[in-house]
1. Among (1) part of a helix (DSSP H, G or I); (2) closer than 15 Å to residue 99 by Cβ; (3) out of contact with any strand residue (DSSP E or B) (no Cβ under 9 Å at 6 or more places or on another chain), there is one condition residue 75 misses while meeting the rest; what is its number?
2. Does residue 229 qualify as being in contact with a strand residue (DSSP E or B) (Cβ under 9 Å, 6 or more places away or on another chain) and in a strand (DSSP E or B)?
3. So, in the stretch 56-69, exactly how many residues are within 34 Å of the chain's Cα centre (by Cα) and near the ligand (Cβ under 9 Å from one of its atoms)?
4. Quick check: anything in the stretch 238-254 at pLDDT below 90 and under 15 Å from residue 197 (Cβ atoms)?
5. Can you say whether residue 47 is outside the structural domain of residue 262 (by TED's automatic domain parsing), within 21 Å of residue 128 (Cα to Cα), in contact with a strand residue (DSSP E or B) (Cβ under 7 Å, 6 or more places away or on another chain) and assigned to a loop (DSSP other than H, G, I, E, B), as far as the supplied structure shows?
6. Only one of (1) touching a helix residue (DSSP H, G or I) at 6+ places or on another chain (Cβ under 9 Å); (2) away from the ligand (no atom under 14 Å from the Cβ) is not met by residue 53, so which one is it?
Ligand SMILES: [Mg+2]
């Protein structure tokens, strides 16, 4: 995994040392020797991770970290604080400034690279979401993702030591709903049930905590669930294995309540951020494929699906047919009863249209009062049956308006089956000619396109 890392330290010798070790592992490195430079370089170079010295003159590491995390242009970049002292207060202060983790000087390579790999993996997921959101239909509309520290959260705590479980639970945010268990099977069920954070005690005998973490990571339903693992002090190997399995963060025994609280908050905040990006993305996707008035697919979506079905038919797959339907004298409905009545007719028309479709068929509002149905696997004879069913369901009973009156509506339909190798435009043109023939022959009827190969 190659990535660019920003190394910040006021001692040039420390910068050079870290730079050499990172470059030996094929990381790209940029550097800064004070807080102000670090902020500027982070913004301009957009590194994938920042190693930040705590003790620096003028602006110290905490202050630098807070500013990096306050700026929307840099807040997604993981920050690892490098400290000479390993004091509880320092760690909590750093976590509160938004640091993602700590390394203690002198830095041991194994721990450092395990941490870096873990944070880079997480960043990759967030970057992908950020990228997809910025290129989606909702770009710019969603604005800043909200961060609600007090939002309720579901936390699953797994430990075989009931006293430890109690202490962990006491440290969690007050609005957290906590489920405690020492049974990995129960933990998996709880994790799948909309959990926001999983805390696994890897120091408990009686179950294999690392195996539980691996199962949570390999299950599609829980792949994104943050895991905070409790490890034995000074057991670098256990910590590294946990991080390499995809555990998001580790904390050493004896667990400090303040540190556990701060690390849990960081994980919950990151998960909420990712969840919000994902939900914006889902809305964007929905908007991009759906017609707002009728809820049917839109023209862009149906065109791409039609092209796929035609490609498959041309390559020896099942045939594909098309219905092009246009409501008769729709302008008259709009002019006589108003646009609200017109919209109501369009919605009712859409629901009658959908009622008569097979599961495979795809219906779209193609424009104004024009609708398209793509029928994969259907020849012209089946398309004719479907079109006639639609025609009679529209003609069969009037459309109710909001004032209680009912208006008669009819539809004209052209149908066509795709020729092998035919272009999308050519098929649509033939369906449109058939529709025109239905209109000129008196409306409220179905006409088929000439099916001789063009
Ligand atoms: Mg220093």
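1. (1)
2. Answer is yes for this residue.
3. To start, the set of residues in the stretch 56-69 that are within 34 Å of the chain's Cα centre (by Cα) comprises 61-69.
Filter once more, so that each one left must be near the ligand (Cβ under 9 Å from one of its atoms): 61.
Residues flagged as within 34 Å of the chain's Cα centre (by Cα) and near the ligand (Cβ under 9 Å from one of its atoms) within the stretch 56-69 amount to 1.
4. yes
5. On the way: outside the structural domain of residue 262 (by TED's automatic domain parsing): yes; within 21 Å of residue 128 (Cα to Cα): yes; in contact with a strand residue (DSSP E or B) (Cβ under 7 Å, 6 or more places away or on another chain): yes; assigned to a loop (DSSP other than H, G, I, E, B): yes.
Yes.
6. (2)
Each row is one residue, and each column tells you yes or no for (1) surrounded by 18 or more Cβ atoms within 10 Å (Cβ to Cβ); (2) on the phi > 0 side of the Ramachandran plot; (3) outside any loop (DSSP other than H, G, I, E, B).
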residue	(1), (2), (3)
18	yes, no, yes
23	no, no, yes
26	no, yes, no
62	yes, no, yes
90	yes, no, yes
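Table: residues versus (1) exposed (fewer than 14 other Cβ atoms within 10 Å of the Cβ); (2) away from the ligand (no atom under 14 Å from the Cβ); (3) modelled with pLDDT of 95 or more; (4) assigned to a helix (DSSP H, G or I).
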{"residue": "2", "(1), (2), (3), (4)": "yes, yes, no, no"}
{"residue": "7", "(1), (2), (3), (4)": "no, no, yes, no"}
{"residue": "31", "(1), (2), (3), (4)": "no, no, yes, no"}
{"residue": "36", "(1), (2), (3), (4)": "yes, yes, yes, yes"}
{"residue": "42", "(1), (2), (3), (4)": "no, yes, yes, yes"}
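The values are calculated or read from the model by the stated rules, or taken from the named source; none is laboratory data. Computed from a predicted model, the values in this text were never measured in an experiment. Backbone-built Cβ (ideal geometry, glycine too); neighbour counts: all protein chains shown.
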